[in-house]
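Data block below; observations after.
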Amino acid sequence: MNTFKDLWQIAKKDLLEFARDKLRLVTFLIMPMFMMIMTGFIFPNQNTLKNISLGVTNQDSQYGQKLVETISVLKLTGNNPAFQIKSYANLDAIKDGIKKQEISGGLVILEDFTQKVNQNQQAEVTLVEDPSNPQISALVSQTLMQTVAAFGQQIGIQKINLLLNSLSPVPEQSQPKDNSALAILAPVGTKLESIIPGNPNYFEFIAPGIMAMIVMTAVLTGLAASIAREKEQGTLDGILISPINRLAIILGKALAQAIRGLIQGAIVLLLAFLLFGVTIHGSLFLVASLLLLGIFSFVGLGILVSAVATEQETATQLLFMFQFPMLFLSGVFFPILMMPRFMQQIAHLIPLTYAINALRKVMVLGAGLPSVQTELLILFLFGAATLAVAVPVFKRVITK
Amino acid sequence: MTQNTIGNILEVRNLTKKFGNFVAVDQVTFDIQKGEIFGFLGPNGAGKSTTIRMLTTLLRPTSGKATLLNYDIVNQSDKVRKHIGLVAEKIILYDRLTARENLEFFGNLFHLPQTDIKERTRKWIARLDMENWVNAQVGTFSTGMKQRINIARALLTEPDILFLDEPTLGLDPQTTHLIRQFIRELNEQGVTILLTTHDMLEAEELSNRIAIIDHGKIVAQDTAENLKKIVSEKDHPTLEDVFLQITGTQIRDTGNERMTPTHGHRFGFRKTSRVR
Ligand SMILES: Nc1ncnc2c1ncn2[C@@H]1O[C@H](COP(=O)(O)OP(=O)(O)OP(=O)(O)O)[C@@H](O)[C@H]1O
Ligand SMILES: [Mg+2]
């Protein structure tokens, strides 16, 4: 019972110290925002496709003009048009424009576009990609191709309707519907059935990972730095000279960091929601519990690092060595299944992997407790095991 | 070796601390009697702070033993902790906490009743003339103000023995005077004191007995008066004469292979290795 009280005393003191440190407070709040905005915009998704400059050469007045209009009013998110159309004289001018980075892609419609359509020939448009920006390019091309295909389909439907009408003229009321024309044009359709409403974007995939990453690295460095700082300043002696349980010192410091971590996690989630439209499909409580257990799984490691490092700087540098590979291996950005086999095996040794995996299940798929209990158990065991090693080491090293 | 000697609050036997191959404290043996002020002197790097850290359970001895009120400092460290107070070389206070918050925090770590914490805080704060500052953050304090709160912190548990590692270092004459006066007062109230200082006058003025440690070994141990008899060349030798005669005039920080900057506030360098 006393251990809990002591633990809380330490945590309270750490939080109070922290809350009064303006500079640390500001970096604490800005860091998740910064990371979130950075990663959010580095990885483009449909949401980022707005007001993209698109060079257009249109030499055709009828269908060509219609197609350009369709593209110019296209909206993927909110009220912003996806493309800002700029006119160029010809293909070379568009290529020039891309080189000068005036535009992120181009579209060329030749003068015989309408003519070919009317003569039942296949009309063509030319897409120009910007190879210097493959991610945006891919999105632009994909969007344009879909738009052009849909546009073509519209024309096709009209044509088939005309054809059907001319084959068997029927009374007004039983005019063939678009449906039958569509069925002829595209006899097989695909219907996507998702287990969650709406269409998840790449950001929904990475948001749980980014949150876990930010929170856990912050807690890990925060814990090690906080112990190292007290060691350096000599105040740790004041705590160590008291008869409280050494575990209470460690857990108290960890609790302070965990509370900070949860606040940062909440900031990340809020930003993900506000800026990138990420919604949580599962329970918030489960998300918080997963984060907490994820943090717990790291406490032992943080203690070990601060036990060996005598100075704050050494601790931070040591931790950076752990963190960097961890970010790539734990599946924050890429699905683990896409990694080579040996890397997958390493990934399974990192607790962050399980935390992210479980968070993704809950946040993206709306999974409940039963689907993540394995991960919860692994995180807990990992934390307990590392603590079981770290606490005796800490005790020994601290009086060395 | 006699244990449980009546009248001894602290008994130190062959206490040794090695850092790697370097022997910082070498077979140190001494007793401190209940109620005395024990001056613990020695040149820089002699091993004074290391000895204090071992006696206050912060550092594990390599060998030897020590008992405080018959509690073993290693095996019964929690018992020991309840009876000691420590004013270390570095001030043990959090800059971003107020004086009162600091005292409350450390008092709580010792599971003191809230009423005791309040009462003792009030008492020491008043005696040390810090009443106007008790709700200000320690970071805004001068060294002298910090040291006064630091001493109040060490006294929260009403310890039987107080370890003072250079308590007047870097303080102005006024604060130094106040603190010396206070040390005497505490001692009169029955608190045993182990005092480390580089100020020979302070040591002589306050201590009942003095031990001089050099290169990790105790090289002299007696009352100031008796120690002075060692010096034969002078008619009225000072404690400084004694100190210099015993420990020599060679400066300690020379002739070492390894010099590392310290984070300390006083000397640019601290010796990490010594040619023996
Ligand atoms: N943690 C440590 N690791 C290695 N060497 C140490 C450590 N702590 C102290 N020492 C060395 O042990 C020796 C004794 O140091 P100590 O601090 O006890 O001296 P001191 O008598 O208190 O000196 P001062 O008067 O400068 O405070 C010094 O040479 C110091 O460099
Ligand atoms: Mg010292």
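The values are calculated or read from the model by the stated rules, or taken from the named source; none is laboratory data. The shown structure was predicted, so the numbers you read here are calculated from the model rather than taken from an experiment. Note that each Cβ is placed from the backbone with ideal geometry, even for glycine, and that neighbours are counted across all protein chains shown. Only protein heavy atoms, including side chains, enter the accessible area calculation; ligands, DNA and RNA are left aside. Shrake-Rupley method; radii C 1.70, N 1.55, O 1.52, S 1.80 Å.
Cross-link partners of A:Lys100 among lysines, defined as those whose alpha carbon lies under 30 angstrom from its own and excluding same-chain residues fewer than eight positions apart: A:Lys50, A:Lys66, A:Lys75, A:Lys86.
I'd like the interface area for chains B and A: accessible area of each alone minus the complex, both sides summed, 1.4 Å probe, protein heavy atoms only. What is it in Å² to the nearest 100?
Working: alone 13880 and 21820 Å², together 33050 Å².
Summing both sides, the interface buries roughly 2600 Å².
Rolling a 1.4 Å probe over the protein heavy atoms gives the stretch B:94-158 an accessible area of 42 Å² per residue.
Of the solvent-accessible surface of the protein assembly as shown, computed with a 1.4 Å probe and all protein chains present, 58% belongs to carbon and sulfur.
A simple spin-label model places pseudo-atoms 7 Å from Cα toward Cβ; at B:Arg60 and A:Thr374 they are separated by 4.1 nm.
In debye, nearest 20: dipole of chain A around its Cα centre with unit charges on the Cβ of K, R (+) and D, E (-)?
Details: 28 positive and 24 negative charges, 272 e Å.
Dipole of chain A, to the nearest 20 debye: 1300 debye.
For chain A, the longest principal axis of the Cα atoms and the long axis of helix A:22-42 meet at an angle of about 30 degrees. Figure legend: label point modelled 7 angstrom from the Cα of A:Ala186 along Cα→Cβ; residues of the stretch A:107-151 with amide N under 17 Å from it are A:142-151.
Give me the number: length gained by fully extending A:Phe342 to A:Leu25, i.e. 0.36 nm times residue separation minus the C-alpha to C-alpha distance, one decimal in nm.
Values: separation 317, 0.36 × 317 = 114.12 nm, distance 4.01 nm.
So the chain would gain 110.1 nm between A:Phe342 and A:Leu25.
Please tell me the relative contact order of chain B in percent, rounded to the nearest whole number, where contacts are Cα pairs under 8 Å and at least six residues apart.
23 percent
Close amide-amide hydrogen proximity is noted between B:Arg209 and B:Ile37, B:Gly39, each under 5 Å apart and 5 or more residues distant or on a separate chain (H modeled in the peptide plane; Pro and chain starts excluded). Computed from phi, the 3J(HN,Hα) profile of the stretch B:156-170 under the Karplus parametrisation 6.51, -1.76, 1.60 (θ = phi - 60°) reads 3, 7, 6, x, 7, 9, 10, 9, 10, 9, 6, x, 9, 5, x Hz, with x in place of Gly and Pro.
Expressed as an acute angle from 0 to 90° and rounded to the nearest 10, what is the orientation of the C-alpha long axis of helix A:2-19 relative to the principal long axis of chain A? The two axes meet at around 60 degrees.
Between amide H atoms placed 1.01 Å from N, distances below 5 Å from A:Leu76 occur with A:Ala82, all of them 5 or more places distant or on a separate chain. Evaluating 6.51 cos²θ - 1.76 cosθ + 1.60 at θ = phi - 60° for every residue in the stretch A:319-328, the Karplus couplings come out as 5, 4, 4, 6, 5, 4, x, 4, 4, 7 Hz, glycine and proline recorded as x.
Of B:Tyr71, A:Tyr63, which has the most accessible area with a 1.4 Å probe, and how do the rest follow in descending order?
Values: B:Tyr71 60, A:Tyr63 40 Å².
Per-residue accessible area, sorted high to low, gives B:Tyr71, A:Tyr63.
Note that chain A, at 37 °C in a medium of 0.692 mPa s, gets a Stokes-Einstein diffusion coefficient of 130 µm²/s from its Kirkwood radius over C-alpha pairs.
Simple rule: put +1 on each Lys or Arg Cβ and -1 on each Asp or Glu Cβ in chain A, find the dipole, and look at A:Gly189, A:Ile303, A:Asn80; the Cα lying farthest toward the positive end is A:Ile303.
Given the pairs A:Lys253/B:Lys48; A:Lys22/B:Lys90; B:Lys90/B:Lys217; A:Lys5/A:Lys231; B:Lys65/B:Lys90, which are separated by over 29 angstrom at their Cα positions? All intermediate terms of the calculation are to be shown ahead of the outcome.
Working: A:Lys253/B:Lys48 31 Å; A:Lys22/B:Lys90 24 Å; B:Lys90/B:Lys217 24 Å; A:Lys5/A:Lys231 22 Å; B:Lys65/B:Lys90 25 Å.
Correct reply: A:Lys253/B:Lys48.
Where both partners of a DSSP beta bridge lie in the protein assembly as shown, what percent of those bridges are antiparallel, to the nearest 5?
Values: 31 of 57 bridges.
In the protein assembly as shown, DSSP labels about 55 percent of beta bridges as antiparallel.
Close amide H contacts of B:Ile9 (hydrogens built in the peptide plane, cut-off under 5 Å, sequence separation of 5 or more or a different chain): B:Ile32, B:Gln33, B:Lys34. The residues of chain A have, on average, 51 Å² of accessible surface per residue, using a 1.4 Å probe with all protein chains present.
Counting only other chains, and only Cβ atoms inside 10 Å, what mean value do you get across the residues of A:13-24? Working shown, then result.
Numbers: counts 10, 1, 0, 6, 6, 1, 1, 7, 2, 0, 0, 1.
The mean count of partner-chain Cβ atoms within 10 Å per residue comes to 3.
Compute the FRET efficiency between A:Leu274 and A:Ser61 as 1/(1 + (r/R0)^6), taking r as their Cβ-Cβ distance and R0 = 45 Å, and round to the nearest 0.05. Mind showing how you got there, number by number?
Details: r = 44 Å, r/R0 = 0.97.
So, using R0 = 45 Å, E works out to roughly 0.55.
Heavy-atom accessible area with a 1.4 Å probe sorts A:Thr316, A:Thr217, largest first, into A:Thr316, A:Thr217.
Using the Cβ-Cβ distance between A:Thr314 and B:Glu119 with R0 = 51 Å, the FRET efficiency computed as 1/(1 + (r/R0)^6) comes to roughly 0.75. Counting only protein heavy atoms and using a 1.4 Å probe, the accessible area of A:Phe342 comes to about 120 Å².
Enter the mean number of other protein chain beta carbons within 10 Å of the beta carbon of each residue in B:74-82, as an integer.
Mean number of neighbouring Cβ atoms from other chains: 2.
Per-residue shielding of A:393-400, expressed as the average number of other chain Cβ atoms within 10 Å of the residue Cβ, stands at 2.
Of all beta bridges that DSSP places with both ends in chain B, some 60 percent have antiparallel geometry.
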